[in-house]
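Single-structure report; data block below.
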Amino acid sequence: MEIQTQSPALPAVLVVFIQFISSSPANAQVYVEADQLMKVIEAQQRQLEAQEAQIQRQKADLEALRQQVEELRRTRSPSPSMAPAPTAPLPRGNSEPVERVELDDLRDQIEAIHKAIPPGSLPPPRARGDPTLPEQADIEELISSTPTDWPGSIPVLGSPMRVKISGFAELDANYNLGAITSLAEFATSAIVTSDRTAAEGEDGKTNVSAQVSRLELKARTPWGGRQIENEIAMDFLRDSSVTEPLLRLRKAYGQVSDILFGGDLRFGLDWSTFTNLTASPNTLDYEGPNSLLFMLHPIARWIRVYHPTLTLEVGLDAPDQRVFQNAKEVSRWPDFVVAVISQTDRVNFQGSFILRDLRGSGEPQSAVSDTGWGINLSGVIDMPDRLAPDFASYSFSYGSGYGGLLNDAPPDAAYDFYNNRLEAIPTLAWYLAYQHWWSPCMYTVVTHGQVQQDNLDFQAGFSFRETQYSSINLTWTPTPHWLFGVEALYGTREDKDGAYGSVWRTQFTSRISF
Amino acid sequence: MGPMVQFGAPNSPVASRFSRVGRIVNRKLGVTLLCCFFLSCNSPRTIVTDTWHSPLITARPLGNTLVLAYTLFPRPIIGLYVEDVWVEQLGRYGVNALSWSNFSVDGKVPSMGELADVLTEYQFDTLLVTQLISFKHLNRDVSNSQVAIVETRLYLAPTEEVYWSLQSESFLANYVMGEIRRPREGDALEYVETVIQEMMKDGVF
């Protein structure tokens, strides 16, 4: 409520009242008191006027302050486009002021959580904002950088080429119970059938090797709508009869896509076109079944994908690594190979045919030759329904003069001294493997294979006749890059004269890939 | 003097024939036992290898969820397929989820800008991303792999901040020659169900 200090009515009433009182001659004391009262009233009047002036000044100051505030607001008001982004929501209600004590508590909790994380443990996948890690790119960067049809490859600066370096370090430790001359691989043809010695492992022998460790370098370069692909790979398995690592060139090829009749061309050192790698079972033993077609050659191959489910390959394989009995290789023509590959949702199948010119030098020194041929049917069948994702691998080969392409490498042909001729040896080879998954990180592979040759009359008694290969393993892959397991292997060899040998092998393998 | 043949000697024809019969019988018995053993074992199709939960964000429901699944290739068919399985399974639990394929026109992996626009415009609460990280390399000579390493992440829609993630290993159908094949229907369902159960355990479902 505002007091009307400037009203003239109040002093006038007070003066009239005092004059009325003082007109009475009977009360002189009243005049004195009235005079004093007037002085008090005048003093109060001045005080009121002073207060009024002060209030006016304060009002003026307030108005000035208001104007200053308005000016400040106008000058600091941002444009809509420069509005700051809303801050990230706090883990608790962010509209309430957070007390310093509470902040300290939160910091303590975070510190306790950090201490609870074991040292060396992996950071949370793709987590952002962890101060102990380099700042993770945001999701946009992450997504844009991830899509590639060649994971793990890196671009070469200033070039459209991408390269990928990969490989693995593998340690194999095995214990043989029986005589065998192949230490790093379980080659059943190397089982000793007669005159077995302790040096060959007849009384048990342990071998430890890292020979199968591998280094691979691959490159892909786009070239006018086509692609050039190169691969160089090396391991240390030049000699599987010893455990010393000896460097070996495994692969060295280049391939150009869509270059001839709509197909790709590959030149260099690679698997034989006769081989179906997809059908190779996951044995821990480096060699795998004795009947597996597993030969690295210099090759020239034309590959045409007619349909996602149908591919045709035609190749010329170098006429090397022939296995002749009593004759030396004198090659003339390369091997001609044609392969048809079918891949459907559940079945992989390859049918391949090889034609070989087997030519050697016998005694007396003259070149003799025979024609070799072979047919191979192999593939993978994914198990249906309850047995999925198990799968079976198989291979069936038959022919004459192709045995040297098998893992066991029995002779392709034998030289007949009496008739001075080279004769191809009929060979039957097959294997069946089954992979059972216990979980996505553990599996077992059971394999059995057999190689049998129809010996020629003039072959010596110690000649290869039949081998069998059996294995069962338990493999664990705790991480995508680490595999280890144990495997039991059993192999036999029987010669033409009936000599027989068998070997048990147990193997431990650790393979860490990169 | 000819070689003396002893019964039971390893190289004698009698011993060889006898041991061969024994091997055949043992082999058939062994194969039968193995088949029965494998048939009786039912292996899990997805295993969880790692989970992470932001210590700053406590339990919260998914709310409206946008689902994005992608693999090493830009948006192949497998991504769309997995998104559909996610949406269907989340719907069964009463979660309102939509797949990114409903908003995508070109089928490519979206940028965060594109995602953010959709998240804001349609008022999604959560972004669920399923990403194929890598494959397990099992065979020395074949790139073929049946096991995929998959990462599933949850983002807060307004800030795109990760608050929960999980790594798992799941089965894929076999593939060859670089072609990635999708998981079988049962395997995809089991993967989604396994992840949902883990979300429930961590209070983010």
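The values are calculated or read from the model by the stated rules, or taken from the named source; none is laboratory data. Values in this document were obtained by computation on a predicted structure and should not be read as measured data. Ideal geometry is used to build each Cβ from the backbone, glycine not excepted, and the neighbour counts take in all protein chains shown. Please note that ligands, DNA and RNA were not included when accessible areas were found on the heavy atoms of the full protein model with its side chains. Shrake-Rupley method; radii C 1.70, N 1.55, O 1.52, S 1.80 Å.
For the cross-link pairs B:108/B:201; A:328/A:496; A:251/B:108; A:218/B:136; A:205/A:328, which exceed 25 Å when the distance is taken from alpha carbon to alpha carbon? Don't skip to the end; give the middle numbers.
Values: B:108/B:201 33 Å; A:328/A:496 22 Å; A:251/B:108 36 Å; A:218/B:136 19 Å; A:205/A:328 34 Å.
Distance filter (> 25 Å) returns B:108/B:201; A:251/B:108; A:205/A:328.
To check you understand DSSP bridge types, tell me what percent of the beta bridges within region B:44-202 (both residues inside) are antiparallel, rounded to 5.
Roughly 75 percent of the beta bridges in region B:44-202 run antiparallel, per DSSP.
Take the alpha-carbon centre of region A:204-263, take the same for region A:318-345, and report the distance between them in whole Å.
The two parts, judged by their Cα centres, are 19 Å apart.
Pop a pseudo-label 7 angstrom from the Cα along the beta-carbon direction at both residue A:321 and residue A:512 and give the gap in nm to one decimal.
Taking the two extended label points, one gets 3.0 nm.
For the full complex of protein chains and a 1.4 angstrom probe, list A:66, A:505 by accessible area with the highest value first.
Details: A:66 135, A:505 0 Å².
Result of the area sort, largest leading: A:66, A:505.
Give the accessible area for residue A:250 in Å² (nearest 10); use a 1.4 Å probe, count only protein heavy atoms, and leave out ligands, DNA and RNA.
Counting only protein heavy atoms, residue A:250 exposes about 10 Å² to solvent.
Please list, in order along region A:392-400, the HN-Hα scalar couplings obtained from phi with the Karplus expression 6.51 cos²θ - 1.76 cosθ + 1.60 (θ = phi - 60°), rounded to whole Hz, x for Gly and Pro.
For region A:392-400, the Karplus-derived couplings read 10, 10, 8, 7, 9, 10, 8, x, 9 Hz, x marking Gly and Pro.
Which order do peptides A:475-487, A:391-403 fall in by mean Cβ count within 10 Å, highest first? Mind dumping the intermediate values first?
Details: A:475-487: 17.6, A:391-403: 22.5.
Packing proxy ranking, top to bottom: A:391-403, A:475-487.
Going by amide H atoms built from the backbone, whose H comes under 5 Å of the H on residue B:157, apart from near neighbours?
B:126, B:127
Give me the distance in nm between label points sitting 7 Å out from Cα along the Cα-to-Cβ direction at residue A:344 and residue B:93, one decimal.
If labels sit at residue A:344 and residue B:93, their model points lie 3.7 nm apart.
Counting only protein heavy atoms and rolling a 1.4 Å probe, how much accessible area do A and B lose on contact, total for both sides, in Å² to 100? If you can, show how the numbers build up before the last one.
On the way: alone 30370 and 12630 Å², together 37030 Å².
Protein heavy atoms only, the A-B interface buries about 6000 Å².
Sort A:240-247, B:145-152, A:44-51 for me by packing, meaning the mean count of neighbouring Cβ atoms within 10 Å per residue, highest on top.
Working: A:240-247: 13.9, B:145-152: 22.1, A:44-51: 11.5.
Order by mean packing, descending: B:145-152, A:240-247, A:44-51.
Averaged across the residues of A:394-403, what count of C-beta atoms belonging to other chains lies within 10 Å of each residue's C-beta?
For peptide A:394-403, the averaged partner shielding equals 0.
Cut-off 12 Å, label point 7 angstrom out along Cα-to-Cβ of residue A:328: give me the residues of region A:360-402 whose amide nitrogen falls inside.
A:360-363, A:365-367
Taking every residue in A:470-479, how many Cβ atoms of other protein chains lie within 10 Å of its Cβ, on average?
Details: counts 3, 0, 2, 0, 0, 1, 0, 5, 1, 4.
Partner Cβ neighbours, averaged per residue: 2.
For peptide B:154-162, how many partner chain Cβ atoms fall within 10 Å of a residue's Cβ, on average?
Working: counts 0, 3, 2, 0, 3, 6, 5, 7, 8.
Average neighbour count from other chains, rounded to a whole number: 4.
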